[in-house]
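Below is one structure, written out as structure tokens, with a few remarks after it.
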Amino acid sequence: MKAMVIGSGLGGICTALRLQRLGYKVEILEKHHQAGGRLNQLKKDGFTFDIGPSFFSMSYEFKSFAKEIGIEMPFEFTALDPLYTIHFRGSEKRYSIHKDLQLLAREFEEIEPDFEAKMRRFLAASGQLFHDTIDKVVKTNYTSLFHFFTTMATVPPKHAPKMFRTVWDEMSRYFASDTVKQIFSLVAFFLGATPFNTPAVYTLLTYTEMVHDGYHNVKGGMYTIVETLMEEVKKSGITIRYNTEITGFQEQDGKVVALADQQGKLHKADLFVINADAAAFRGKVLQRKKFTPEKLDQQKWTMAPFTLYLGVKGKLPNIDHHNYFLGNDFKAYSSKIFTNDAGLEQPYYYVNVLSKYNPESAPPGCESVFILCPVPDLRYKPTWLDREEVAQNIINDLSQRIGYNIADNLLSKTIYDPLDWQNTFNLYRGSGLGLAHNLNQIGAFRPKNYDEKFPNLFYVGASTTPGTGLPMVVISSKLVTERIQKKYGPVH
């Protein structure tokens, strides 16, 4: 039986390997010229950059995946500690986020009395939520809304208020300092949203970063994950075709029998797994009325990324591997930036200096720098003619705050604005992480990992269940494989 996977993001690669292990003949079609989706790599001017994710969590999901398909853990990684540093505009103080709570408490002793005791209480509550939901809610294939609600009913009711509070509200129940609340609510930005519109249930992410497994760097850079898994793809005999974008389909007897690429060529298989945006694919390719642009634009989407990839001469001072540069108007900026009501003259942004941990990513004496600035998606800011100006604002701001003139030492510069993200990786309206994770867009409310009409069409990745993030995508591949196996069984 032949399975065709459309898209070679992490979800597509993992699903292809799982299905091959079950005896399916597997082929992958990829729009881009190389595998990885958003987990990709740029090589330019002697520098190497991770295009998207720059660290990962829940490493045990990757270990479990490797064990399930019968391989050794394919890449090496190291736990981050400190996790990251925070810089506020107008202040020389840097906050280092240590996993050791005694060390962490020293960072905040002047602004948050009894910080350690407060953080322990907060982590205990978020840890209970994590362990009460991760296996029964996150790792479940829902068959209906009724199944979803009955599953949610098994979660201890003490967690219910977190569904109706925001992340910021929850932080305010434990901490008094706005600085502390700002720093530990940044996890909402990992979901492509803000702490003021993200349900408090996602405070469990603070538990995952601080206690449960933490964050990790990958030796050789994040793209090593893709490179090593693609070696397994090659060894397994799975074929992959690049520069192949799916634009149409052919159906017969109520099933999809082939997908058509941009050249009109038909690609036939017995079943298909779509590792693209599950909502946008249904609209753009399948022409479903429920998923037209007009309908999709009414949904809540995550931030769009504006990213810079800079090759810099010299070693940057006053900056670590992972850094957040914030302003002093956090709430006002957060409430306006995603709808293009805030200017980008003094933006908030994240900086990853890949060469701090992987020196081979830059020539000797140089740095490889990745900057991500959350910006409005293309619904709110459809044109980016000012991209050079926005990039220069970020470069100037960073230069001033670390005390190093980046512009005068720039050897390489690449900009990806939301249009680039949309066109290169088929991200709807340039939304970096797809549909938002508000309560009516999660679980059984999220686009399903099986098609509503065609029984041999499935979906995998961040845009379907369980949601965004590298470990969630690995879980997504397990869930969709279970769907397929239940329907067709192993084919050895």
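FYI, it's all coordinate maths here, none of it is from the lab. Since the structure is predicted, the reported quantities are computational estimates derived from the model, not experimental observations. All Cβ positions, glycine included, derive from the backbone under ideal geometry; neighbour counts span all protein chains shown.
Give me the dipole magnitude in Debye, nearest 20, for the stretch 105-210 about the Cα centre, with unit charges on the beta carbon: positive for Lys and Arg, negative for Asp and Glu.
On the way: 11 positive and 12 negative charges, 99 e Å.
In debye, rounded to 20, the stretch 105-210 gives about 480.
How would you rank 442, 134, going from fewest to most other Cβ atoms within 10 Å of each one's own Cβ?
By the 10 Å Cβ count, ascending: 134, 442.
So for 103, 17, fewest C-beta neighbours within 10 Å to most, what's the order?
With the sparsest Cβ surroundings first, the list reads 103, 17.
How about residue 219: which lysines have a C-alpha closer than 18 Å to its C-alpha, ignoring those fewer than 8 places off in the same chain?
Here the lysines satisfying the reach criterion relative to residue 219 are 43, 63, 356.
Over 24 Å between Cα atoms, which of 31/336; 67/234; 289/486; 99/336; 25/67 qualify?
Numbers: 31/336 34 Å; 67/234 18 Å; 289/486 29 Å; 99/336 32 Å; 25/67 21 Å.
Flagged as over cut-off: 31/336; 289/486; 99/336.
To test your reading of the geometry: what angle, between 0 and 90 degrees and rounded to tens, separates the Cα axis of helix 387-402 from the longest principal axis of the chain?
On a 0 to 90 degree scale, this one is about 40.
Angle, helix 10-21 long axis vs. longest principal axis of the chain, Cα atoms, 0 to 90°, nearest 10?
Once rounded, the angle reads 40 degrees.
For a quick check: with amide H placed at 1.01 Å from N, whose amide H comes under 5 Å from residue 413's, ignoring anything fewer than 5 positions away on the same chain?
311
Give me the net charge of residue 400's neighbourhood, meaning all other residues with Cβ under 14 Å from the Cβ of residue 400; Lys, Arg count +1, Asp, Glu -1.
On the way: positive: 89, 401; negative: 92, 345, 397, 408.
With Lys, Arg at +1 and Asp, Glu at -1, the net is -2.
To the nearest 500 deg cm²/dmol, what mean residue ellipticity at 222 nm is calculated for the chain from DSSP H runs of n ≥ 4 alone, each contributing -39,500 (n - 2.57), summed and divided by the residues?
So the helix-based figure for the chain works out to -9500 deg cm²/dmol.
Tell me which residues come under 5 Å, amide H to amide H, from residue 349 once H is placed; ignore anything under 5 positions away on its chain.
HN-HN under 5 Å from residue 349: 325.
If you rank 139, 381 by fewest surrounding Cβ atoms within 10 Å, what's the result?
With the sparsest Cβ surroundings first, the list reads 139, 381.
Over the stretch 182-315, with a single point scatterer placed on each C-alpha, what log10 of the ratio I(q)/I(0) does the Debye formula yield at q = 0.18 1/Å?
Log10 of I(q)/I(0), two decimals: -1.21.
Would you compute, for the Cα atoms of the stretch 105-210, the largest minus smallest coordinate along each principal axis and list the three values in descending order, in whole Å?
Reported extents, whole Å, longest axis first: 51, 25, 21.
Among 456, 431, 470, which residue has its Cα furthest toward the positive end of the charge dipole of the stretch 375-492, with +1 on Lys/Arg Cβ and -1 on Asp/Glu Cβ?
The Cα lying farthest towards the positive end belongs to 456.
If you stretched the chain out fully between residue 236 and residue 340, how much longer would it get, using 0.36 nm times the residue separation minus the C-alpha to C-alpha distance? Numbers along the way, then the final one.
Numbers: separation 104, 0.36 × 104 = 37.44 nm, distance 4.70 nm.
In short, 32.7 nm is gained.
Using packing as a proxy for protection, rank 272-278, 30-36, 261-267 so that the peptide with the highest average count of other Cβ atoms within 10 Å comes first.
So the order, starting with the most tightly packed, is 272-278, 30-36, 261-267.
Grab the stretch 105-210 and count how many Lys pairs have their alpha-carbon atoms under 22 Å apart, sequence gap of 8 or more, or different chains.
Count of close lysine pairs: 8.
Rank by packing, highest mean first: peptides 203-214, 39-50, with packing defined as the count of other Cβ atoms within 10 Å averaged across residues.
Working: 203-214: 20.7, 39-50: 18.7.
Packing order, densest peptide first, comes out as 203-214, 39-50.
How many percent of Cα pairs in the chain exceed 37 Å?
26 percent
Length gain on complete extension for the stretch residue 44 to residue 89, per 0.36 nm per residue less the alpha carbon to alpha carbon distance? Can you show the working numbers first?
Values: separation 45, 0.36 × 45 = 16.20 nm, distance 3.10 nm.
Separation in residues times 0.36 nm, less the Cα-Cα distance, equals 13.1 nm.
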